[in-house]
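Written out below as structure tokens is the structure these notes cover.
The values are calculated or read from the model by the stated rules, or taken from the named source; none is laboratory data. Small disclaimer: the values here were computed from a predicted structure and weren't measured. All Cβ positions, even for glycine, are placed from backbone atoms using ideal geometry, and neighbour counts span all protein chains on display. The accessibility values were calculated without ligands, DNA or RNA, using every heavy atom of the protein model including side chains. Shrake-Rupley method; radii C 1.70, N 1.55, O 1.52, S 1.80 Å.
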Amino acid sequence: MQSLKRSLADSLGFNPLAWLRDTLRMRQLVCAQPKPASQRNDAVHFAVVLTPWMGTAVPWFSLACGLLLASRGNKVTFVVDDIPFGHHTVRFLFIVHCLRSVLKCMGNRHPVVRLSDHRSGTSLDKAAEQAVAKLAELNAVWMLRGEMTKVGREAYVKRVTRQLGTCHAAIASVIDQGHFDAIFLPGGVWGSTGVWAAHARAVGVRVASFDSGGYGTLMLAVNGIACQLQDIPRALSLLKAHAAWPEDLAAIADAARAEIARRRAGVDKFASQMQNSGEVDARFAGAVLLALNSSWDSAALGLHAVFADSTEWIVETTRFLLDNTSRPVVVRQHPAERLEIARTSDDYRGLLMRHFGKHPRLHFIAADEPINSYDLLDRVAAVVVYTSTIGIEAAVNGKTVVTPSSSYYSNLGFVRRSTSLAEYHEHLKEAASGLAFVTTAMQADALMCYYLTQCCNWVFSPFNPEGFEEWSRQQWGELERHPKIRATVQALEQNIPVAFLNHLQRLEPEAII
């Protein structure tokens, strides 16, 4: 029987029996919810998008968040994104059916909109076609776990281009007719959520999003894409305005440096660095370090400002540094890619060999090589990054950092952002020649940014998509009283970055209302 269940789950892409069990549990939770509070005069009108998410509990989490927002007197419209996406159509439609059965338990307490009711035969204009094509390519990078694999890419891009094109006008119609103040959705890049985010922003609707950070954590952005930390610039402005006392600044610095020390030792909450790493090769002294992201990670999708993709960025940056400087060039694969959760299909070593052969000044460090990135950071002269956290840590460490991306920290003043190829080349030359400097003020800003991202932005709570088994068994009163859940709802409702709220709670526990 167990083998039959596994075979069925493998063929469908999910376990339908488990989904029926979870649907029944969610029905019981929703049916037991007390009548929500009357809408306040200053109620925020949220559109909460419910969409199947690869067979995970993401739509249940979205639904629970919407009901919690309504319990505080906000207006909530639930939007069922029921236009199929991906290649598991049976799974998609089955989950949509489960969502509808749970929504019926609400009666008429909250409006429910079906995306398919807004579908039309309207053709896309050129701008929409280009936006859909870009999203389809990003989805392919995510699905294939990299940019370099060709097998299956063309067919996948063709499929999702058609699917995204189908839902494009329907999403625009829902947003135009809904008169929402904010939209709450998962992701923000994968699937149709990229279309939702783009349409909402185009008409001035606040985009709030969430992502699963893994390890039982929640990532939340009240205005932006959560996995890309788009709330952090505003959180930094609030932090700098609020942390006026020397003792507050000292506490922030101490917390940030303690977290850097844990990451360096490989004993932090995510343990991305190797423990007991070997000595750093003497040939790396004075090098320019090119610190890679996982190209398929949602945190890195669609943020290139100068290059078409990460493959082009790696090759062209390496070429320029080898041709125009005398520095060694060290290309460091993200150490997390040695872990199963972050495996990539990209072959960086092969890419560099094809373009540069065994160049004496070019060194590639694979994810599983026993070299600690922080030990490496101590030896190099400058760092080039895309969106990796090591860009912040390098600035804290006094290293010049160059980036050609539009990452959350690219405009915060402690790294040199480039928006054109000529500007990027100029920044690379200055960094390699030692003509660029990191001031004490830049280091302080980088340290505060690091504090917000690594000490305050993660929401450690059972209330996240991965924690469905736990929180779905609780009573509504327990959920509403839980301090972490109250902070999540407060952040969404009041448009306050959760990183800043968590900072306040570290200093002032009564800050969460």
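Miscellaneous remarks
- Selected residue (criterion: farthest from Ala221 (Cα to Cα)) from residues of region 167-188 that are more than 23 Å from the chain's Cα centre (by Cα) and open to solvent by 50 Å² or more (accessible area, probe 1.4 Å): Gln177
- Against the numbered list (1) over 30 Å from Pro233 (Cβ atoms); (2) open to solvent by 30 Å² or more (accessible area, probe 1.4 Å); (3) touching a helix residue (DSSP H, G or I) at 6+ places or on another chain (Cβ under 6 Å), Asn324 comes up short only at (3).
- The one condition from (1) touching a Ser or Thr at 6+ places or on another chain (Cβ under 9 Å); (2) over 20 Å from Gly73 (Cβ atoms) that Thr440 does not meet is (1).
- Selection status of Arg234, part of a helix (DSSP H, G or I) and either free of Cβ contacts under 8 Å to residues at least 60 places away in the same chain or under 28 Å from Leu67 (Cβ atoms) (or both): yes
- Residue within region 401-412 that is touching a residue at least 60 places away in the same chain (Cβ under 8 Å), touching a helix residue (DSSP H, G or I) at 6+ places or on another chain (Cβ under 7 Å), more than 28 Å from Ala255 (Cα to Cα) and of a type in the set (A, V, I, L, M) present: no
- Residue count, region 212-224 (criterion: more than 14 Å from Ala182 (Cβ to Cβ) and either open to solvent by 10 Å² or more (accessible area, probe 1.4 Å) or in contact with a strand residue (DSSP E or B) (Cβ under 7 Å, 6 or more places away or on another chain) (or both)): 7
- Check on Leu428, under 25 Å from Pro233 (Cα atoms) and assigned to a helix (DSSP H, G or I): yes
- Ala170 being in a helix (DSSP H, G or I) and touching a Leu at 6+ places or on another chain (Cβ under 6 Å): yes
- Of the residues making up region 432-446, those that are without any contact (Cβ under 8 Å) to a residue 24 or more places away in the chain and of a type in the set (S, T, N, Q) are Thr439, Thr440.
- Scanning region 39-60 for residues that are in a loop (DSSP other than H, G, I, E, B) and within 17 Å of Ala197 (Cα to Cα) returns Thr51, Pro52, Trp53.
- Apart from one condition, Gly191 fits all of (1) small (Gly, Ala, Ser); (2) more than 22 Å from Leu63 (Cα to Cα); (3) under 25 Å from the mean Cα position of the chain (by Cα); the exception is (2).
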